[in-house]
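The block underneath contains the structure these notes are about, expressed in structure tokens.
The values are calculated or read from the model by the stated rules, or taken from the named source; none is laboratory data. This one's a predicted model, so the numbers in the text were calculated from it and none came from an experiment. In this analysis, Cβ positions are derived from the backbone assuming ideal geometry, glycine residues included, and neighbour counts consider all displayed protein chains.
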Amino acid sequence: MFNCKKYFFIVCSGLLWIFSTNVIWAVESYLRDSTHRGVIDLSPYQIFPENRIGNGIYLEKKLLDSHSQRVILKIVNIKSTESHVYLFRDQNGVLGLNIVKNEVDRDARFWQIDQEFYQYSNNITGLKRIFRIFQNDIQPILPYLRTGSGVTSAATHVIFYHIADSKEVIRLNASGQEIKTRLYSFRLHVINRKLGDSKSINNFLIQDANYSLKLVWEDENSVSYKLSNGEKYTVDLLKYVPELF
């Protein structure tokens, strides 16, 4: 009986030592120092722990997202939605953006345009928004716009558009019959990659029956677009926003 009790005591002591060691290791792995401040308050969000691979982003104490190979750095709400975009750094030190979608927003898409720019689009609500990584932070581009889209990038500049207006018009078809169609007006916006703000071209609108517009850089100063009737036009951006070139 004594030998059984002695054996039981040895086993329990060993298990206690193993579990205690694991607990101590877990605590030490999250010790604070000059680059790790524990919980970071980005009201209404929290990041824990700071600057650690595999850390998490929280909203009202609920975990929104975490990734075993990423350090989450910043987060912003996608205006007019319950979804969020966060900035992360991967194991190679490369920055990127990712989305945390609310259940209502599950059909929305979020994709990368280039190393700086990302597009959010929800075809059900019609909401389109653009995000940029700039100076190690998340920059929503003209967040008051609901239809920011068509990001077209070049080495030094980026151009995009939004639907400034739309209206129903009546036209005659080839048979002379009146048909109702919708006419969309597009406003262009230009970004110099070295600068933080975009510049809107307020004295120029593109109109077309199609609700999307494809922009193409022709050279470092001009872009072209083609209307739904096949006609192609070129815009000299130096004429409208010379301060960006």
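Descriptive notes on the structure:
- Selection status of residue 206, in a strand (DSSP E or B) and modelled with pLDDT under 95: no
- In the set (1) within 21 Å of residue 79 (Cβ to Cβ); (2) aliphatic (A, V, I, L, M); (3) in a strand (DSSP E or B), the condition left unmet by residue 159 is number (1).
- Considering region 73-102, and only residues there that are among the basic types (Lys, Arg) and not in a strand (DSSP E or B), the residue that is farthest from residue 133 (Cα to Cα) turns out to be 101.
- Within region 200-221, the set of residues being among the hydrophobic types (A, V, I, L, M, F, W, C) and crowded, with 17+ Cβ neighbours inside 10 Å comprises 201, 206, 213, 215, 217.
- Number of the condition not met by residue 138 [criteria: (1) more than 30 Å from residue 229 (Cα to Cα); (2) assigned to a loop (DSSP other than H, G, I, E, B)]: (2)
- Qualifying residue in region 154-174 (condition: under 24 Å from residue 212 (Cα atoms), surrounded by 11 or more Cβ atoms within 10 Å (Cβ to Cβ), in contact with a Gly (Cβ under 7 Å, 6 or more places away or on another chain) and among the hydroxyl-bearing types (Ser, Thr, Tyr)): yes
- Test result for residue 65, at pLDDT 90 or above, farther than 19 Å from residue 90 by Cα, out of contact with any Leu (no Cβ under 8 Å at 6 or more places or on another chain) and outside any loop (DSSP other than H, G, I, E, B): no
- Restricting region 177-199 to residues that are over 21 Å from residue 213 (Cβ atoms) and either touching a Pro at 6+ places or on another chain (Cβ under 6 Å) or of a type in the set (A, V, I, L, M) (or both), the residue that is surrounded by the most Cβ atoms within 10 Å (Cβ to Cβ) is 195.
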